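First the structure, in the form of structure tokens, and then the observations on it.
The values are calculated or read from the model by the stated rules, or taken from the named source; none is laboratory data. All figures in this text were calculated on a predicted structure; none of them were measured in a lab. Note that each Cβ is placed from the backbone with ideal geometry, even for glycine, and that neighbours are counted across all protein chains shown.
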Amino acid sequence: MAPPLSLGAFAYKHYEACMTFDALRYAGVPLAFESMLDIGSGFATLPRTAWVRNYARDVTALDLFPYGESALTNRRTRQLLALVALAERLRLRQLSGPFGKWDSIVARENFTLPPLRATGKFDYLVSDVFDLAGSHDWINSSLTLTHFDHRELFPKVRDLLTDGGIFTFTVECWWYPINSTQIAGMAPYLCQRLGLDDLTRYFETVQPDIDTKKIADVYNYYRDPSHPTASDYVATAVKNDLHPIFVHRHMNTRAHSKRAAVPPAYLVRDIGDGAQNALRDIHKFKPGVLLEDLYTSHYLLGFRKVSP
Ligand SMILES: C[S@@+](CC[C@H](N)C(=O)[O-])C[C@H]1O[C@@H](n2cnc3c(N)ncnc32)[C@H](O)[C@@H]1O
């Protein structure tokens, strides 16, 4: 049993979900699906919100583990959405914290009250996506693609998607100066500039107090050895009849962030080395990486399946 999701944690995840809802709205895709599948749901904030708001009649949240069954229920989602809407009415988003920090940049219609009544059914399924059959007109996956090799996952998504169906995902970008491996050394973009062998040698020589086994574990946590860029995702998607409808990049506009203490724009000014130098090193082994990939913390991509 996982402990219930707190309001703060919900507000943060709600913001992430709203970014996906907004991207669909701005792409002109009506939030009126028949059947939605969310791959790697975790606490299932996005699929539960989509269901409570009636963005999809039937919703299946899927994960290898059951913690999202108890951490958040549909009833609790309604209550938390009501609190988030109240915070909006009272303009609490002007404060700092999960409300103020992020919620102000998503559309205000995400904060309407009361949430619509769901009409279909909601399932939380504990299973591996590769064991799944069925057909859906919206498949989403939030912050989960790092668990997959996208070249294996996309054919499965194509098989699970109806013709004309939509595939959306948010994914961490490997190419941000400090990605969620949290591996940092003396130079920015260290784990992007070096393969694992060189990275291990770097730490053995320069910072021998660091446990290189732990470095290897987090490095290999990213299941996709191709460390895809947005262009790689699009190329693989198109091979699988999934055609892009939006490609968004999340870039950090602030001078300080929890993830990368010095965000890309400030690297040259503050530590004398920046994205352009890193790109020269990276191009020696992956020429397709763009300068803007080095400024991108997350990609948010959307596709429509069009069968030939
Ligand atoms: C980082 S969590 C993301 C959770 C949630 N979507 C979010 O945005 O907070 C990734 C989730 O993917 C699940 N996962 C990994 N491989 C999977 C697979 N093959 N089939 C289904 N779920 C999987 C993991 O169990 C984990 O809960």
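Failed condition for Pro188, given (1) at pLDDT 90 or above; (2) crowded, with 17+ Cβ neighbours inside 10 Å; (3) over 30 Å from Tyr26 (Cα atoms), with all others met?
Condition (1) is where Pro188 drops out.
Go through the residues of the stretch 132-152 one by one and say whether even a single one is outside any loop (DSSP other than H, G, I, E, B), among the small types (Gly, Ala, Ser) and without any contact (Cβ under 8 Å) to a residue 60 or more places away in the chain.
First, the residues of the stretch 132-152 that are outside any loop (DSSP other than H, G, I, E, B): 136-142, 145-147, 150-152.
Subset that is among the small types (Gly, Ala, Ser): 141-142.
Applying the additional criterion that residues be without any contact (Cβ under 8 Å) to a residue 60 or more places away in the chain yields none.
No: the stretch 132-152 contains no residue that is outside any loop (DSSP other than H, G, I, E, B), among the small types (Gly, Ala, Ser) and without any contact (Cβ under 8 Å) to a residue 60 or more places away in the chain.
Step by step: first the residues of the stretch 14-32, then only those that are over 14 Å from the mean Cα position of the chain (by Cα) and not small (Gly, Ala, Ser), then the one that is surrounded by the fewest Cβ atoms within 10 Å (Cβ to Cβ). Which residue is that?
Taking the stretch 14-32 and keeping what is over 14 Å from the mean Cα position of the chain (by Cα), we get 22, 24-32.
Restricting the remaining residues to those that are not small (Gly, Ala, Ser) gives 22, 24-26, 29-31.
Values: Asp22: 17, Leu24: 20, Arg25: 15, Tyr26: 12, Val29: 17, Pro30: 8, Leu31: 14.
Checked the stretch 14-32; the qualifying residue surrounded by the fewest Cβ atoms within 10 Å (Cβ to Cβ) is Pro30.
Within the stretch 238-256, track down each residue that is surrounded by 14 or more Cβ atoms within 10 Å (Cβ to Cβ) and at pLDDT below 95.
Correct list: His250, Met251, Asn252.
May I ask you to list pairs of residues, at least six apart or on different chains, whose Cβ atoms are under 8 Å apart, with the first in the stretch 117-129 being under 11 Å from Pro47 (Cβ atoms) and modelled with pLDDT of 95 or more and the second being small (Gly, Ala, Ser) and not in a loop (DSSP other than H, G, I, E, B)?
Note: pairs meeting the criteria are Phe122/Ala61; Asp123/Ala61; Tyr124/Ala61; Tyr124/Gly68; Leu125/Ala61.
If you scan the stretch 14-30, which residues turn out to be hydrophobic (A, V, I, L, M, F, W, C) and in a helix (DSSP H, G or I)?
Ala17, Cys18, Met19, Phe21, Ala23, Leu24
Take the residues in the stretch 143-176 that are at pLDDT 95 or above and β-branched (Val, Ile, Thr); name whichever of them is nearest to the ligand (Cβ to nearest atom).
Thr144
Being surrounded by fewer than 17 Cβ atoms within 10 Å (Cβ to Cβ) and within 29 Å of Leu132 (Cα to Cα) is the requirement here; does Val171 meet it? Even if it seems obvious, please write down each step before you answer.
Values: surrounded by fewer than 17 Cβ atoms within 10 Å (Cβ to Cβ): no; within 29 Å of Leu132 (Cα to Cα): yes.
It is false that Val171 is surrounded by fewer than 17 Cβ atoms within 10 Å (Cβ to Cβ) and within 29 Å of Leu132 (Cα to Cα).
Hey, among Asp293, Asp197, Asp281, Asp270, which residue is charged (D, E, K, R), modelled with pLDDT of 95 or more and assigned to a helix (DSSP H, G or I)?
The match here is Asp293.
When the residues of the stretch 46-80 are narrowed to those that are assigned to a strand (DSSP E or B) and within 15 Å of the ligand (Cβ to nearest atom), which ends up farthest from Leu24 (Cα to Cα)? Can you show your working first?
At the first step, the residues of the stretch 46-80 found to be assigned to a strand (DSSP E or B) are 56-63.
Filter once more, keeping what is within 15 Å of the ligand (Cβ to nearest atom): 59-63.
Values: Val59: 17, Thr60: 19, Ala61: 19, Leu62: 21, Asp63: 23 Å.
Here the residue is Asp63.
Residue under question is Gln207, and the condition is that it be more than 21 Å from Glu16 (Cα to Cα), surrounded by fewer than 18 Cβ atoms within 10 Å (Cβ to Cβ) and not small (Gly, Ala, Ser); does it hold?
Values: more than 21 Å from Glu16 (Cα to Cα): yes; surrounded by fewer than 18 Cβ atoms within 10 Å (Cβ to Cβ): yes; not small (Gly, Ala, Ser): yes.
Taking the combined requirement at face value, the residue satisfies it.
Kindly list, by first and then second residue, each pair from a residue in the stretch 36-64 that is closer than 10 Å to Phe122 by Cβ and among the hydroxyl-bearing types (Ser, Thr, Tyr) to a residue that is within 9 Å of the ligand (Cβ to nearest atom) and part of a helix (DSSP H, G or I), limited to pairs with Cβ atoms under 8 Å and residues at least 6 apart or on different chains.
Pairs that qualify, where the first residue is closer than 10 Å to Phe122 by Cβ and among the hydroxyl-bearing types (Ser, Thr, Tyr) and the partner is within 9 Å of the ligand (Cβ to nearest atom) and part of a helix (DSSP H, G or I), are Thr60/Pro47.
So that you can scan it fast, the table gives a plain yes or no per residue for (1) outside any loop (DSSP other than H, G, I, E, B); (2) within 30 Å of Tyr202 (Cβ to Cβ); (3) charged (D, E, K, R):
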| position | (1), (2), (3) |
| --- | --- |
| Tyr219 | yes, yes, no |
| Arg223 | no, yes, yes |
| His227 | no, yes, no |
| Ala237 | yes, no, no |
| Pro244 | yes, no, no |
| His250 | yes, yes, no |
| Arg254 | no, yes, yes |
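Any idea which of (1) buried (at least 21 other Cβ atoms within 10 Å of the Cβ); (2) in contact with a Phe, Trp or Tyr (Cβ under 6 Å, 6 or more places away or on another chain); (3) not in a helix (DSSP H, G or I) is the one Ala11 doesn't satisfy?
(3)
How many of the residues making up the stretch 128-142 are of a type outside the set (Val, Ile, Thr), near the ligand (Cβ under 9 Å from one of its atoms) and in contact with a strand residue (DSSP E or B) (Cβ under 6 Å, 6 or more places away or on another chain)?
3
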